[in-house]
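Q: Here's a structure for you.
The values are calculated or read from the model by the stated rules, or taken from the named source; none is laboratory data. This one's a predicted model, so the numbers in the text were calculated from it and none came from an experiment. Positions of Cβ are generated from backbone atoms using ideal geometry, with glycine treated the same way; all protein chains shown enter the neighbour counts. Surface areas here come from the heavy atoms of the whole protein model, side chains and all, with no ligands, DNA or RNA. Shrake-Rupley method; radii C 1.70, N 1.55, O 1.52, S 1.80 Å.
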Amino acid sequence: MLVLKSIKFTDEGKRINYDYSFIGDSKKFFKGKKPFYIKFEEDISHIPKSIAVVPFLANFLPISWFGDFEIIVDEIDKNFLECIDLVKNEFSKQYPSYNLEGKLDFKKIVANTIKGDKTAMLFSGGVDAYATYI
């Protein structure tokens with residue numbers, strides 16, 4: 001089991017630090033507990049925690065599916081939660097010999113609303129980012 005204990009905004013709101021812990025067999029999939037964080041160029045501390053949890057889950061959920069362990073978070077965005085199964089189904093198609101059993105547990109679903117009609121994309125400069133951009 002992997003438990004997300006807290007989400008903290010630091011560096012004038014430009015960094016999100018994720019405090020998490022491993023319990024039981026999930027430890028074997030990680031080489032020690034490394035800090036997990038994400039940096040931005042502007043203050044994003046106004047972002048609800050149900051949205052701020054997305055980068056953490058996007059990185060750890062696939063590991064939990066293949067490793068068959070549970071991830072526990074306090075809250076999650078409703079739209080992201082609805083999309084997780086679509087992503088998991090694509091992994092299942094790519095790796096049909098694996099049973100993707102890991103689970104996500106949460107205390108609260110938050111239906112966030114986004115004002116405006118602009119979209120955004122995280123751009124790393126890698127192949128996936130260029131494919132998304134195109």
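Q: Scan segment 19-60 for residues that are touching a Leu at 6+ places or on another chain (Cβ under 8 Å) and part of a helix (DSSP H, G or I) and report the count.
A: 4
Q: Further question: Looking at this structure, is residue 85 surrounded by fewer than 13 Cβ atoms within 10 Å (Cβ to Cβ) and within 15 Å of the chain's Cα centre (by Cα)?
A: For residue 85, the condition - surrounded by fewer than 13 Cβ atoms within 10 Å (Cβ to Cβ) and within 15 Å of the chain's Cα centre (by Cα) - is met.
Q: Quick check on my filter: what residues within segment 15-60 are in contact (Cβ under 8 Å) with a residue 60 or more places away in the chain and surrounded by 13 or more Cβ atoms within 10 Å (Cβ to Cβ)?
A: Answer for segment 15-60, where residues must be in contact (Cβ under 8 Å) with a residue 60 or more places away in the chain and surrounded by 13 or more Cβ atoms within 10 Å (Cβ to Cβ): 50, 51.
Q: Just a yes or no: is a residue in segment 100-120 touching a helix residue (DSSP H, G or I) at 6+ places or on another chain (Cβ under 8 Å), open to solvent by 100 Å² or more (accessible area, probe 1.4 Å) and more than 21 Å from residue 40 (Cβ to Cβ)?
A: Among the residues of segment 100-120, at least one is touching a helix residue (DSSP H, G or I) at 6+ places or on another chain (Cβ under 8 Å), open to solvent by 100 Å² or more (accessible area, probe 1.4 Å) and more than 21 Å from residue 40 (Cβ to Cβ), which makes the answer yes.
Q: Something else: Any residue in segment 85-112 that's at pLDDT below 95: show its pairings with residues that are open to solvent by less than 70 Å² (accessible area, probe 1.4 Å) and among the hydroxyl-bearing types (Ser, Thr, Tyr) at Cβ separation under 7 Å, as long as the two are six or more apart or on different chains.
A: Cβ pairs passing all conditions: 100/92; 102/64; 112/50.
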